[in-house]
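Asker: Got a structure here, written out as structure tokens. Questions coming.
The values are calculated or read from the model by the stated rules, or taken from the named source; none is laboratory data. Predicted model only: the values in this text are computed from it and were never measured. A quick note on method: Cβ atoms are made from the backbone with ideal geometry, for glycine too, and the neighbour counts reach across all protein chains shown. To get the accessible areas, we keep the full protein, side chains included, count just its heavy atoms, and leave off ligands, DNA and RNA. Shrake-Rupley method; radii C 1.70, N 1.55, O 1.52, S 1.80 Å.
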Amino acid sequence: MKFTGVMPAMTTAFDKDLNVDHAFVARHAQWLIENGCTGIVCLGSLGESPTLRFEEKIEILKTVVAALDGKFPVVAAISALSTAEAVELAKAAQGVGCQGLMILPPYVYKGDWRENKAHVAAILNTAPLPGMLYNNPVSYGVDYLPQQIAELAQEFPNLAAVKESSTDARRVTAIRALVGDRLQVCVGVDDAMSRASLPGLWAGLPGS
């Protein structure tokens, strides 16, 4: 798959009893596609990922995969407190039909580059789906620098994209200078998209 166009990180709807409203989730995913989106990212931070149970995450992925019926890609955000849980989620996402992964650093624990690289590597080696590295140091306290992203791109063929959300539009230029067209470069910060478009932005991934 290709990370292109507008692929929103979809919110997760709940009913009055705080159960996931799967009917609404399905309708919302279809509405986003009908209005021009090119794919859906599930389980992002705006999709309540930190507070969902593991089983709830899998059921949400199943709902959206079924709602889009293979016609548009569904990308699963892979975030967890531990690498072991992230790997388990990546396996499950592949098993229910997701076509890509958005890989976040571990929540809470902020490791060094060696540790964060091992975390990303474990996920990419487990599920051979196209992966998109999510770099959001403002929210997660981990900053994947352009040279580190280039290192991952060289070592892992299924790393297909980076969602660059450091708020510094110059990062897009720096990444492209190191990897050329090897990675699709996406931006998740709404007000940075226009500034990053000229140096080679492939996609926008806003919350929706």
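Asker: Within the bounds of the stretch 110-123, is there any residue that is closer than 20 Å to residue 162 by Cβ, modelled with pLDDT of 95 or more, assigned to a loop (DSSP other than H, G, I, E, B) and open to solvent by less than 10 Å² (accessible area, probe 1.4 Å)?
Answerer: No, the conditions are met nowhere in the stretch 110-123.
Asker: Okay, moving on. Charged (D, E, K, R), modelled with pLDDT of 55 or more and either farther than 20 Å from residue 102 by Cβ or open to solvent by 50 Å² or more (accessible area, probe 1.4 Å) (or both), is that true of residue 151? Spell out the reasoning first.
Answerer: Working: charged (D, E, K, R): yes; modelled with pLDDT of 55 or more: yes; either farther than 20 Å from residue 102 by Cβ or open to solvent by 50 Å² or more (accessible area, probe 1.4 Å) (or both): yes.
Yes, satisfied.
Asker: State which residue pairs qualify: first residue farther than 17 Å from residue 57 by Cβ and outside any loop (DSSP other than H, G, I, E, B) and inside the stretch 1-28, second residue open to solvent by less than 20 Å² (accessible area, probe 1.4 Å) and of a type in the set (S, T, N, Q) in any location, beta carbons under 8 Å apart, and separation of 6 or more residues or different chains.
Answerer: Taking only residues 6 or more apart or on different chains, not a single pair turns up.
Asker: Of the residues in the stretch 128-137, how many are over 14 Å from the mean Cα position of the chain (by Cα) and assigned to a loop (DSSP other than H, G, I, E, B)?
Answerer: 1
Asker: From the list 77, 121, 86, 90, which one is in contact with an Asp or Glu (Cβ under 9 Å, 6 or more places away or on another chain) and aliphatic (A, V, I, L, M)?
Answerer: After applying the criteria, what remains is 121.
Asker: On to the next question. Looking at 80, 93, which one is surrounded by 14 or more Cβ atoms within 10 Å (Cβ to Cβ) and in contact with a Phe, Trp or Tyr (Cβ under 9 Å, 6 or more places away or on another chain)?
Answerer: Within the list 80, 93, the selection yields 80.
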